[in-house]
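Read the structure below first, then the notes.
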Amino acid sequence: MQIDQQLVDIQNIVDDVLKLAQKKGATQAEASMSKVQGIAVSSRMQEVENVEFTNDGGLGISVYVGKRKGSASTADLSKVALTLAVEKAVDIARYTSEDPCTGLADADLMATEFPDLDLYHPQALDTEQAIKTAIEAETAAMEYDERITNSDGASYNANLGMRVYGNTHGINAGYPSSRYSLSCMVIGSQSDDMQRDYAYTVNRNAALLNSAKAVGEEAARATVERLGARKINTANVPIILHKDIASSLFGHYVGAISGGSLYRRSSFLLDSLGKQVFPEWLNIEERPFIKNGLASSSFDNEGVATQDMTIVDSGKLATYLYTTYSARKLNTQSNGHAGGIHNWLVGDTGHSDADLLKEMGTGLLVTELMGQGVNIVTGDYSRGAAGFWVENGQIQYPVHEVTIAGNLRDMFAGIAAIGSEQDQRGSVQTGSILIDKMKIAGS
Amino acid sequence: MSKSVERHLLADAGLEVAALEKALASIHRHDTDYADLYFQSSQHESWVLEDGIIKEGSYNIERGVGVRAISGEKTGFAYSDEISEEALTKACSAARSIAPSGGTQQVASLGHKAYTARYEGNNPILAMQDAEKISLLRTVDAYIRQQEPSADQVVVSLSGVYEEVLVAASDGTLATDIRPLVRLNCSVLLEQGERRERGSAGAGGRYAYSFFSRDEEGKPFYEQLADDALHMARVNMQSVASPAGAMPVVLGNGWPGVLLHEAVGHGLEGDFNRKGASTFSGKIGQRVAAKGVTVVDDGTLAYRRGSLSVDDEGTPTQHNVLIEDGILKGYMQDKHNARLMGVAPTGNGRRESYAHLPMPRMTNTYMLEGQYHPNEIISTIKKGIYAPNFAGGQVDITSGKFVFSSAEAYLIEDGKITAPVKGATLIGNGPEVMQKISMIGNDVALDKGVGVCGKDGQSVPVGVGQPTLKIDELTVGGTA
């Protein structure tokens with residue numbers, strides 16, 4: 001198998017780099033390397049627009065000279081560049097300070113089992129086929145409704161690659177993975193109003209992508225539904241974060257419970273372990289070993305074994321997320337979160353999306369969020385929004401140019417229901433979220 | 001043309017200019033209109049002080065070549081992280097596969113055209129000893145802790161980039177550029193009882209690191225930045241809930257120019273307008289902003305973060321007037337979109353690196369000043385918001401909706417600035433908001449050099465600026 005040989009070659013490079021680092025004076029060292037090949041093809045107005053052949057890779061190394069750390073990385077994988085990177089990292093460690101918390105993760109936390117997580121589904125990188133798929137999606141969108149008048153295009157991406165991590169405890173592990181995606185964005189118009197929206201599908205297995213036709217039609221439907229959007233008056237009302245954008249709310253939770261935010265005292269959830277943050281019915285489980293999962297991995301970016309974990313237990317903050325460094329700063333152990341989270345499954349209340357609208361009664365269904373107005377230090381939240389005004393459980397008309405604002409602490413506690421229809425395209429799998437009350441600013 | 005860049009990127013890899021002409025000719029053997037090669041090498045370093053110690057240092061090297069072939073509206077693109085004749089040949093045949101063989105275009109003979117350098121071609125990473133960089137970080141930390149002994153968390157970071165590029169194109173363009181870029185950031189967290197607030201400030205540009213120690217109003221520039229970060233944290237410590245709803249807003253000068261970047265800048269990029277996807281499409285010569293509003297994009301400003309001597313297609317940057325006295329004058333163009341729209345490129349063809357395709361991008365986008373003193377502007381408002389500092393923003397160029405989030409803001413009551421309010425997102429419609437600008441200050445300023453613009457997954461450094469502005473109505477996303 002060619003891919004197995006490539007993996008061995010990269011593991012050998014990582015091995016050489018670690019040895020070189022030790023030779024240059026490092027007492028500990030760790031290196032990660034990736035190599036990804038792919039194609040990115042786009043169509044616009046049903047003609048080919050761009051065909052890109054991508055080929056990305058790089059090596060990152062951190063060395064520890066006693067309790068001093070230095071890091072370097074290179075996208076150039078020639079021997080000269082790799083040697084320079086090692087030398088630079090060692091050199092930098094002469095200038096950084098002694099830090100008792102620095103260093104590799106503890107040896108006994110290293111991953112020792114590397115199950116096949118079914119992350120690699122290779123397929124020839126066929127630009128002709130990719131073009132055909134993109135054009136098919138765009139055609140389905142353009143033909144969906146006469147109010148679709150223009151297109152921002154469709155794109156098909158395919159990436160095949162591998163990732164290797166090694167350190168001087170002796171771990172040197174890697175795995176190949178694949179990722180395919182198709183997206184489409186079209187423009188609709190009605191008198192003076194022009195709106196755009198998009199749809200996408202992503203999977204590690206190309207055969208499991210939604211059909212091009214479905215993606216195109218979803219993009220067109222979303223776009224047409226936005227036409228004629230208006231502002232609404234400033235009000236306090238319940239909102240639903242539609243499942244397509246709902247995971248961002250738990251993304252803010254990730255930020256607030258990450259060790260880095262805690263030891264810097266930069267979180268509104270300090271000293272909250274075991275405290276009630278969400279309603280009692282809400283649970284979040286982390287499952288790193290889901291087959292074919294987009295965020296599956298048996299080890300984190302420091303080689304630490306990942307494990308099934310309960311993140312939120314009956315609404316209580318069950319665990320913080322630690323890297324080696326943040327754990328030591330807080331006198332605990334890493335729980336495998338260097339580089340992020342691994343497949344969160346958010347519990348639900350069994351409501352269909354339609355039931356959720358009925359449960360809300362009158363309020364705002366949010367389908368788009370804009371900007372980064374979230375402050376993790378204070379929990380203050382204020383973002384641009386667009387969506388639909390809902391009365392008596394029925395969608396009335398599209399809404400835009402409003403903001404939703406509140407504090408994450410209240411928003412988390414105020415989650416009234418979560419739908420059972422989930423978006424499974426990211427590292428957080430959740431349904432639509434009903435929040436009991438937020439401030440909408442409009443006209 | 002720098003001989004040293006030519007040596008590093010070509011000769012050291014066994015290439016010469018003749019080989020580039022040959023590579024471009026190989027692309028034109030297919031039915032293509034234009035082709036270019038982009039060679040780049042870059043070094044990047046960063047140093048971080050946290051908890052009073054030098055916690056991290058890192059160094060990154062990148063080197064490669066990107067090859068683009070254009071046929072009508074189609075683009076083929078391939079790149080390699082290795083610069084060699086073999087890698088170049090391979091990338092050329094991949095890129096030209098966009099078009100069938102049988103091309104008739106000739107490659108113009110490659111030659112340098114004179115252009116004005118907008119910054120010096122020195123390497124900031126080498127120009128200062130590592131020990132001195134460390135000592136600069138420690139000095140800033142000590143200054144902040146001296147000013148505010150109760151400061152809980154202080155983070156100071158320093159980063160520098162040195163980049164060499166060489167562009168060769170089938171239209172005969174051969175250009176090189178050396179691009180230094182430095183940045184200093186500081187952030188401070190204050191804690192009072194249960195309440196914690198952070199303030200931050202940063203600056204940078206195409207300078208050496210000594211830029212941060214230069215004298216600014218009688219003290220080193222880094223002290224001014226530290227003061228700004230402390231000021232923001234202290235103000236936010238006192239802040240009350242921001243009001244919600246539509247109201248008059250006064251934006252401070254300088255960095256709040258992120259308004260222009262989002263409300264009009266992206267919407268005036270050539271690609272969106274060629275495709276008719278922008279709310280500003282087809283509006284050249286029409287009124288798109290209030291009288292008195294003149295907005296320019298200028299990549300020629302000396303040493304600015306958003307400036308370039310030549311863009312990433314080898315076109316010298318320009319002072320481009322986008323909106324003059326409220327009338328839309330022109331779009332920002334790269335070569336591809338300019339050719340398809342039948343206009344001249346404007347020096348706005350930019351790319352994140354050799355591994356990314358160029359597109360029309362902003363450089364330094366700012367509004368020219370008007371006649372009003374800032375105090376006079378504030379005095380006209382009975383109830384509204386004054387926002388002198390912002391975090392990022394975002395725009396939907398098709399509907400024109402844009403947001404930007406305040407990082408420091410105050411209530412205006414009866415013509416006076418009163419209580420500080422919490423950060424809030426402001427939302428509006430670009431063309432409508434530009435028509436609602438009713439007073440323009442006499443205090444134009446550019447930002448301090450920290451802007452990063454993202455488009456299609458590519459990040460490039462940019463600048464923004466404006467005088468103090470009054471907008472008659474904008475929706476403020478507070479909670480009160």
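Partner lysines whose Cα lies under 21 Å from the Cα of residue B:74, excluding those fewer than 8 positions away in the same chain, are identified as A:132, B:90, B:275, B:335, B:455.
Computed with every protein chain present, the accessible area of residue B:453 is close to 0 Å² [probe 1.4 Å]. Taking every DSSP helix (H) stretch of at least 4 residues in chain A, weighting each as -39,500 (n - 2.57) and dividing the sum by the residue count yields a mean residue ellipticity at 222 nm of -7500 deg cm²/dmol.
Extension gain for residue A:192-residue A:213 works out to 4.7 nm (0.36 nm per residue, less the C-alpha to C-alpha distance). Built from the Cα atoms of the stretch B:1-238, the convex hull projects on average onto 16.9 nm², one quarter of its surface area. With all protein chains in place and a 1.4 Å probe, the accessible surface of chain A carries 46 percent carbon and sulfur. The stretch B:384-442 and the stretch A:133-203 have Cα centres lying 33 Å from one another. Each Lys or Arg adds one and each Asp or Glu subtracts one; over the other residues with Cβ under 10 Å from the Cβ of residue A:222, this totals -3.
Taking all protein chains into account, the per residue accessible area for the protein assembly as shown stands at 36 Å² (1.4 Å probe). Label-point separation (nm) for residue A:5 and residue B:120, each offset 7 Å from Cα along Cα-to-Cβ? Rounded to a tenth, the inter-label distance reads 5.3 nm. Secondary-structure-derived ellipticity at 222 nm for chain B, considering helices only, amounts to -5500 deg cm²/dmol, per-run term -39500 (n - 2.57) for DSSP H runs with n ≥ 4. For GluC sites (Glu not before Pro), the sites in the stretch A:243-351 that DSSP calls loop and that have at most 13 other Cβ atoms within 10 Å are A:280.
For the protein assembly as shown, the dipole from Cβ point charges (+1 on Lys and Arg, -1 on Asp and Glu) about the Cα centre works out to 1140 debye, to the nearest 20.
Spatially, the stretch B:298-350 and the stretch B:200-227 are offset by 29 Å when compared through their Cα centroids. Residues B:210, B:84, A:191, ordered by accessible area of protein heavy atoms at a 1.4 angstrom probe radius and largest first, appear as A:191, B:210, B:84. In the stretch B:404-440, the residues that give up 50 Å² or more of accessible area when the other protein chains are added, compared with the chain on its own (1.4 Å probe), are B:425, B:427. Excluding residue A:416 itself, calculate the net charge of residues whose Cβ lies under 14 Å from the Cβ of residue A:416, where each Lys or Arg counts +1 and each Asp or Glu counts -1. With Lys, Arg at +1 and Asp, Glu at -1, the net is -4. What a 1.4 Å probe finds exposed on the stretch B:403-473 is 49% carbon and sulfur by accessible area, rounded to a whole percent. With all protein chains in place and ligands, DNA and RNA left out, the 1.4 Å accessible area ranks B:47, A:281 as A:281, B:47, largest first. The reciprocal of the average 1/r between distinct C-alpha atoms defines the Kirkwood hydrodynamic radius, which for the stretch B:183-244 equals 12.9 Å.
For the listed residue pairs A:23/A:329; A:67/B:133; A:23/A:88; B:329/B:401, the alpha carbons are over 25 angstrom apart in A:23/A:329.
Qualifying GluC sites (Glu not before Pro) in the stretch B:216-291, where qualification requires a DSSP coil assignment and no more than 16 other C-beta atoms within 10 Å, comprise B:217. Accessible surface buried by the A/B pair amounts to about 5600 Å², both sides summed, 1.4 Å probe.
Straight-distance candidates among the aspartates and glutamates for linking to residue A:24, with alpha-carbon spacing under 14 Å and chain neighbours fewer than 8 residues away dropped: A:16, A:87, A:91.
Shown for the stretch B:461-477: residues covered by the partner protein chains by 50 Å² or more of accessible area relative to the chain by itself (probe radius 1.4 Å), namely B:475.
What you get for the stretch B:156-215, charging only the Cβ of Lys and Arg (+1) and of Asp and Glu (-1), is a dipole of about 220 debye around the Cα centre.
Averaged over the residues of B:79-88, the number of partner chain Cβ atoms lying within 10 Å of the residue Cβ comes to 3. Approximating the spin labels as points 7 Å out from Cα along Cα→Cβ, the residue A:244-to-residue B:3 distance works out to 5.9 nm.
The values are calculated or read from the model by the stated rules, or taken from the named source; none is laboratory data. As the structure is a prediction and not an experimental result, all values here were calculated from the model. Positions of Cβ are generated from backbone atoms using ideal geometry, with glycine treated the same way; all protein chains shown enter the neighbour counts. Note: areas computed on protein heavy atoms with side chains; ligands, DNA, RNA excluded. Shrake-Rupley method; radii C 1.70, N 1.55, O 1.52, S 1.80 Å.
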